[in-house]
């Protein structure tokens, strides 16, 4: 127990000190900056959290480099961004009836009628309180669950089980998004295949590179992922903008304001909804592949069904706003549970956290993070310590700092954004493309990165147009090298048994579950 | 007309005083054959910075990881041989990875200088109670499961050679980079591990013990322990040296000027590079350069070819 | 959902079938043509010590085989049960207007990136031909103004063309936005960060 405490203290201290022991205010500043920018991003129609995370990552790497000291400022900014965007998303939904993200659509149901009644500021206060409550709840769940789950997994799962678990998560992601689970799984495998280009473990030279020496170490990871997730979206956005040639209706003039005080009685009134939605959102968030939209839907439905006056939902009552905002905000913390305990990201925001961790410092995510190694000081070498665990606790500290800022200052920032002018997409998206191309060029060293971004952007665009979920593609691409190691290692360790994956009861159960998930999802779809 | 072109002025400034020493005509791309954050990377970036300060050459370091330096080498060989693209890797990149490789051969490069060399050791935790390789073998034979941490094929093969020599079973644990093996050992994921030099302070502090040297000579860190060659386990050592190379056909002038500049940095005990090298890769900098270096790499290549034949 | 599109399409959709056929073809091509030519290690690998372990081709072949199986299942389902209906708001295909967009979009991007790549070296080449300099572009990749020419002109033309195309008119706001982004990019990446190069300078 003392050791746990020692690690927690070192984790907290890590946020405020550099590796050489000097006081470091950078992570703190970056969390706050990330949070505020995140709220602005969330409040801007057409922008969202993962988008901003993707764009800022290469810039952050330029600014801070890739040393161990760079990790916390970068993670801090990304975490702040993630949290801020969740809160900020309610602003356009409530004030302009234009949800920036799909999950904010449900916020418009009661939020906009409230604004129309002149209770806009109050609706924003309700949204803010519910959102930070949900977020904090979710973080608590993460802090408590992830270490326990990780320790459990490390002790129970061996190579074949871990391999099967990755397959199960991919199947799950394929099943919950897009119109065809089989196609989702197909692109997941396709993503895996592309990730195998270049590197080999055997020393026989690079494979699958078409003789291109620049691909010798594989497709540049961040260029590929930025391409599919962000540039594909930019293509789509530019096409849409070109088609619409911009609709010109600005925000309508605000109605006269009514009573906008948020009282203790109001909080007591919405508290049950916040609580139930937080639980729902956290549970949904912990599963890979299901996003905030489902959490918001379930949270809203639950509040409506358990309400004594369900008919009032949709007419502009605080309960409706609270139920959706608490639910979609409580997804983000819990989303990190599979990331931190398994190394498997469940949504886009988590993908960028993983990407940051992969590119910066020598920290890796996964169940090994929560191993409590005995701490010893060695003259001239440094300290023997599980650094990953210290970083994990530092990350938790950053999340708590972000929450505190969110509680205290977030609401003020959020309410001041009602005047935020609409940034025209037709200018923003091409500029975003230019920045992205410049960024990957510098980060991944050359035009090869630009070609990769454009080609993967085309893949992302096509998959979206074909109505195929891109999440399995991205996750497959990310996890493929690990899965290969697990499969190769598991096969060797079994003494060359081709059925090694089926010999372990747990692995078998995972595989059967993946087949069943895809089977039932396919039946439901057709 | 020419005088109005700022470039020419800048170039004239770069060329500096009148004596006709070679100087690059533009920025030097300094490629690093390994990933960010490792021993090669740290060394290369310190060197680039101090070289830039010393000579006023513009040097831009860039990581090109993969294949133990071979991915970088495959790109380096296609660059112009004007001294504006250099690559830092290790000797095995050129004298081992080139065997049977269609992309690169030993003659594709101009070898400039060595910077440092490994202190390759077989390591165990002090709390294992083992004092020599024999103790480890005894433990293995009485049922202790041996997990041996490594970072690449060559050293894994070395562990396999030890296992075959003594007739014991060894499980391999592969990590990324030299420090990962030490970490695995310290975290008790493995009970034996390779160390390339980073182990020094841990050995000095009594955390780890060196069971044997995998260099041709006993190690500075444990002069009393035998080498694997003495023990009859292998014919050549597993140690490596850092080698700076350029594409083939660089002028001797360019090659020697760059080597001399690097030696000047390495010989200054106050320089960051020299400090790092001395701490990480004792006893200190290695400065075999030019033709002597080329000859040594070619000799290594021949004996490595023999080794590959022997093993097959 | 559009009333014209039934929720369960009974007829196999050509895009659905096409996707399956292409994936199937690609996976077979990979196993029988691409991998044998482009993976040097085998499916299995005998270590120098006689142990047989999975080689470099092991996992790629497994994955390609999985792709083939998955696409075969998908095709079978589509032929028997019909193609699944696309989700609300999606066509589930690339329409003719999508193709037209992609063509114009990529033409603009390729032209911009092309200019970015060749303009600097081109100007230096011309100057050398005219006897104004004896340097090559490789010597000047860290010398203003040459190192900025390609990036600024190519980047400006590409971005402004895209904005003008989407808006259907030239607006000063767009031009100002692009210019300020270019200036910021140069300040951040060239002036403040000394160890990176702007495109296309790492290429020469």
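The values are calculated or read from the model by the stated rules, or taken from the named source; none is laboratory data. Everything numeric here is computed off the predicted structure, so don't read it as measured data. Glycine also receives a Cβ, built like all others from the backbone with ideal geometry; neighbour counts cover every protein chain displayed.
Check off (1) touching a residue at least 60 places away in the same chain (Cβ under 8 Å); (2) over 30 Å from residue A:431 (Cα atoms); (3) over 21 Å from the mean Cα position of the chain (by Cα) for residue A:194 and give me the number that stays unchecked.
Against the list (1) touching a residue at least 60 places away in the same chain (Cβ under 8 Å); (2) over 30 Å from residue A:431 (Cα atoms); (3) over 21 Å from the mean Cα position of the chain (by Cα), residue A:194 comes up short only on (2).
If you check residue A:323 against the conditions, is it more than 20 Å from the chain's Cα centre (by Cα), more than 14 Å from chain B (Cβ to nearest Cβ) and assigned to a helix (DSSP H, G or I)?
Criteria met by residue A:323.
Return a yes/no flag: does the stretch A:303-319 have any residue that is assigned to a helix (DSSP H, G or I), under 24 Å from the mean Cα position of the chain (by Cα) and surrounded by fewer than 24 Cβ atoms within 10 Å (Cβ to Cβ).
No, because not a single residue in the stretch A:303-319 is assigned to a helix (DSSP H, G or I), under 24 Å from the mean Cα position of the chain (by Cα) and surrounded by fewer than 24 Cβ atoms within 10 Å (Cβ to Cβ).
Which residues, taken from the stretch A:462-498, are assigned to a loop (DSSP other than H, G, I, E, B) and under 24 Å from residue B:170 (Cα atoms)?
A:494, A:495, A:496, A:497, A:498
Would you mind stating whether residue C:179 is surrounded by fewer than 17 Cβ atoms within 10 Å (Cβ to Cβ), over 20 Å from residue B:25 (Cβ atoms) and either facing chain B (nearest Cβ under 9 Å) or in contact (Cβ under 8 Å) with a residue 12 or more places away in the chain (or both)?
yes
Results for (1) within 21 Å of residue B:199 (Cβ to Cβ); (2) surrounded by fewer than 21 Cβ atoms within 10 Å (Cβ to Cβ), shown as yes or no for each residue.
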{"residue": "B:90", "(1), (2)": "yes, no"}
{"residue": "B:111", "(1), (2)": "no, no"}
{"residue": "B:125", "(1), (2)": "yes, yes"}
{"residue": "B:136", "(1), (2)": "yes, no"}
{"residue": "B:141", "(1), (2)": "no, yes"}
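Looking only at residues in the stretch C:63-76 that are at the interface with another protein chain (Cβ under 7 Å from one of its Cβ atoms) and more than 10 Å from residue C:27 (Cβ to Cβ), which one is surrounded by the fewest Cβ atoms within 10 Å (Cβ to Cβ)?
Of everything passing the filter in the stretch C:63-76, C:73 is surrounded by the fewest Cβ atoms within 10 Å (Cβ to Cβ).
Keeping to the stretch A:359-394, report how many residues are in a helix (DSSP H, G or I) and under 24 Å from residue A:144 (Cα atoms).
12
Can you confirm whether residue A:404 is surrounded by fewer than 19 Cβ atoms within 10 Å (Cβ to Cβ), at pLDDT 85 or above and either more than 26 Å from residue A:131 (Cβ to Cβ) or more than 14 Å from chain B (Cβ to nearest Cβ) (or both)?
Considered against the rule, which asks whether it is surrounded by fewer than 19 Cβ atoms within 10 Å (Cβ to Cβ), at pLDDT 85 or above and either more than 26 Å from residue A:131 (Cβ to Cβ) or more than 14 Å from chain B (Cβ to nearest Cβ) (or both), residue A:404 comes out as yes.
If a residue must be in a loop (DSSP other than H, G, I, E, B) and touching a strand residue (DSSP E or B) at 6+ places or on another chain (Cβ under 8 Å), how many such residues does the stretch B:271-300 contain?
The qualifying residues number 6.
Residue B:145: modelled with pLDDT under 90, surrounded by fewer than 18 Cβ atoms within 10 Å (Cβ to Cβ) and not assigned by TED's automatic domain parsing to the domain that holds residue B:286, yes or no?
Taking the combined requirement at face value, the residue satisfies it.
From the set of residues in the stretch C:165-176 that are touching a helix residue (DSSP H, G or I) at 6+ places or on another chain (Cβ under 7 Å) and at pLDDT 90 or above, which is nearest to the other protein chains (Cβ to nearest Cβ)?
Ranking the candidates gives C:165 first.
Only one of these conditions is not met by residue A:54: (1) under 17 Å from the mean Cα position of the chain (by Cα); (2) within 14 Å of another protein chain (Cβ to nearest Cβ); (3) more than 25 Å from residue A:407 (Cα to Cα). Which number is it?
All conditions are met except number (2).
If residue B:69 satisfies all but one of (1) modelled with pLDDT under 95; (2) within 14 Å of chain A (Cβ to nearest Cβ); (3) over 13 Å from the mean Cα position of the chain (by Cα), what's the number of the condition it fails?
Among (1) modelled with pLDDT under 95; (2) within 14 Å of chain A (Cβ to nearest Cβ); (3) over 13 Å from the mean Cα position of the chain (by Cα), the lone unmet condition for residue B:69 is (3).
Might you let me know whether the stretch B:232-253 holds any residue that is out of contact with any helix residue (DSSP H, G or I) (no Cβ under 7 Å at 6 or more places or on another chain) and part of a helix (DSSP H, G or I)?
Yes.
Consider the stretch A:498-513. How many of its residues are in contact with a helix residue (DSSP H, G or I) (Cβ under 7 Å, 6 or more places away or on another chain), within 14 Å of chain C (Cβ to nearest Cβ) and either over 18 Å from residue A:158 (Cβ atoms) or free of Cβ contacts under 8 Å to residues at least 12 places away in the same chain (or both)?
The total comes to 0.
Could you look through the stretch A:421-461, keep only residues that are outside any helix (DSSP H, G or I) and closer than 30 Å to residue A:92 by Cβ, and pick out the one that is nearest to the other protein chains (Cβ to nearest Cβ)?
A:424
Based on what the data block shows, is residue B:54 in contact with a helix residue (DSSP H, G or I) (Cβ under 9 Å, 6 or more places away or on another chain) and either away from chain A (no Cβ under 14 Å) or without any contact (Cβ under 8 Å) to a residue 12 or more places away in the chain (or both)?
The answer is yes for residue B:54.
Assess whether residue B:190 counts as being in contact with a helix residue (DSSP H, G or I) (Cβ under 7 Å, 6 or more places away or on another chain), crowded, with 22+ Cβ neighbours inside 10 Å and either free of Cβ contacts under 8 Å to residues at least 24 places away in the same chain or under 20 Å from residue B:283 (Cβ atoms) (or both).
So residue B:190 fails the test.
Is at least one residue of the stretch A:318-336 touching a residue at least 60 places away in the same chain (Cβ under 8 Å) and farther than 30 Å from residue A:122 by Cα?
For the stretch A:318-336, residues touching a residue at least 60 places away in the same chain (Cβ under 8 Å) and farther than 30 Å from residue A:122 by Cα: present.
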